[in-house]
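Chemist: Mind looking over this structure? Questions follow.
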Amino acid sequence: MRRNLEGYLFIAPSMIGLFIFILGPIVASLFISFSDWKFTTGFSGFVGLEHYRNLLFEDGNFWLVFKNTLYYTFVGVPLSITMGLILALLLNRNIPGETLFRVIYYIPTVTSAVAIGLVWRWLYNPEFGLINSILRMLGIQGPGWLSDLNWAMPSLIIVHIWQAMGYNMIIYLAGLQNISSELYEAAQIDGATKFQLFRYVTFPLLTPTTFFLVVTSIIGSFQVYTLIAVMTGGAPAYRTAVYVYHLWSVAFQQLKMSYASAMAWLLFIFIFVLTLIQLNLSKRWVFYG
């Protein structure tokens, strides 16, 4: 009994933190999503599914930010994963400066998102930014980038790709180094070309790595906030406002905590269902051989 008590005492700080800072807020947010609760007035009674109904059938901004998030995710994630794979293939060779290049490409992953946003906002500045300055030297009039309705979201996606491809590269490098060289040797003896080696050996054996990156990258992209807040604040015309940024705005600018809690649970349900779909589809294309 004494040994058990000692064990409970050792895990008590972590368990208390888990209940107070994680499980407690999760349960509270579910409770609040079915009620009318504001910072200014507090709890004013239960409203049932009213917030969820308003979000799905009446709130135009909800569907706007959801569409923006889908655009950000399903353009940015495939491109960042593809760039990570290309970099991994190029750096999985014995070339001079290989380690230095790996470090350079990985640095954006561990750099503060706030710092990245500030630097890229300066680069995108239409008047004195480096990108438009170079374009002017070439006789090209650069766009307004973050202030242009057509270029704002692609500009953010470019930053996302630049930031994420280093992490994807490292994960792919780990996957490449786990592929046995004997498989390549056997294929080469059979006369396989470099493209055939990639198509029939490398790519199939990287499908578990690709699946992991797809799932985690999609989840992460649906939770993006910092880049949007630092670089655009949802402008222009809310074209760059994504789901979590809008959720934050509803909760901490409009002070509608119950409405924001309903948004959070809808996001959880969507990500959960999307992940289940990916898990089921993975049986068709992921090879664990």
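Values in this text are rule-based calculations from the coordinates and carry no lab data. Given the structure is predicted, the values throughout are model-derived calculations rather than measurements. Reconstructed Cβ throughout: ideal geometry from the backbone, glycine too, with neighbour counts over all protein chains shown.
Chemist: Taking the 0 to 90 degree range and rounding to the nearest ten, how far is the long axis of helix 113-123 tilted relative to the main principal axis of the chain, both from C-alpha atoms?
Modeler: For 113-123 against the chain, the angle is about 70 degrees.
Chemist: Test of understanding: in a Gaussian network model of the chain with alpha carbons linked when under 10 Å, which of 98, 182, 58 would top the mean-square fluctuation ranking?
Modeler: Most flexible of the set in this elastic network: 182.
Chemist: Over region 130-209, what is the relative contact order in percent, taking alpha-carbon pairs closer than 8 angstrom and at least six residues apart?
Modeler: 20 percent
Chemist: Which value, to two decimals, describes the C-alpha radius of gyration of region 62-202 once divided by 2.2 N^0.38 Å? Before the final figure, lay out the partial values.
Modeler: On the way: Rg = 19.3 Å, N = 141, 2.2 N^0.38 = 14.4 Å.
Compared with the compact-globule rule of thumb, region 62-202 sits at 1.34.
Chemist: Could you name the lysines in cross-link range of residue 256, using Cα to Cα under 18 Å and dropping any fewer than eight places away on the same chain?
Modeler: Of all the lysines, those that pass the test against residue 256 - Cα under 18 Å, at least 8 places apart if same chain - are 38.
Chemist: Report the Rg/Rh value for the chain, based on alpha-carbon coordinates and the Kirkwood definition of Rh.
Modeler: Numbers: Rg = 23.7 Å, Rh = 22.4 Å.
Answer for the chain: 1.05.
Chemist: Here's another thing I want to ask about it. What is the angle, in °, between the Cα long axis of helix 257-285 and the longest principal axis of the Cα atoms in the chain? Nearest 10 is fine, range 0 to 90.
Modeler: So the inclination is approximately 30 degrees.
Chemist: Under the √(5λ) rule applied to the eigenvalues of the Cα gyration tensor, what semi-axes describe the equivalent ellipsoid of region 125-256? Give them in Å, descending.
Modeler: 41, 23, 10
Chemist: Rg and Dmax in Å for region 1-148, alpha carbons only: what are they?
Modeler: Every Cα atom of region 1-148 included, Rg and Dmax give 25.2, 80 Å.
Chemist: Related question: Where does the charge balance sit around residue 188 when Lys and Arg score +1, Asp and Glu -1, over other residues with C-beta under 13 Å from its C-beta?
Modeler: In short, -2.
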